[in-house]
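Taking it in order: structure first as structure tokens, then the write-up.
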Amino acid sequence: MSTEQPQDPRNRPTQQQYPQQYPPGQFAPYPQYPPQPQPTSGKAVASMVTGIASLVIPFIGIVTGPLAIVLGTRARGEIQRTGQKGDGLAIAGLVTGIIGCVGYAIFLVLLIIGAATGS
């Protein structure tokens with residue numbers, strides 16, 4: 001038979017798991033949560049809305065076309081600088097604003113030519 005005596009489970013040394021120790025003056029890092037999504041640039045949204053308005057609403061494109069171009073350009077710069085979302089919206093605003101400006105410029109040229117010829 002064995003000469004070892006059974007150990008009492010109450011007298012067994014406990015092994016506790018302590019958290020990792022950090023040097024004095026340092027704290028445990030915060031748990032890593034998923035990063036917050038970047039918001040969409042308001043200037044990009046405004047650029048797209050004014051660009052579409054320059055195409056859809058008659059005679060307002062003279063004002064909203066250049067406004068869409070300015071807002072789209074500033075939105076793209078802001079997006080590249082801050083990392084916000086909305087680059088596609090800014091590009092859509094630029095394109096629709098340019099199309100609206102060119103369309104109304106052609107319309108005004110034809111209007112002037114028609115008035116000058118007296119037709």
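The values are calculated or read from the model by the stated rules, or taken from the named source; none is laboratory data. Because the structure is predicted, anything quoted here is derived from the model rather than measured. Don't worry about glycine lacking a Cβ; one is built from the backbone with ideal geometry, like all the others, and counts go over all protein chains shown. Note: accessible area is taken over every heavy atom of the protein model, side chains too, but ligands, DNA and RNA are not part of it. Shrake-Rupley method; radii C 1.70, N 1.55, O 1.52, S 1.80 Å.
Solvent-accessible surface of region 55-119, taken per residue with a 1.4 Å probe and all protein chains present: 63 Å².
Calculated FRET efficiency, residue 112 to residue 57, Cβ-Cβ distance, R0 = 30 Å: about 0.85 to the nearest 0.05.
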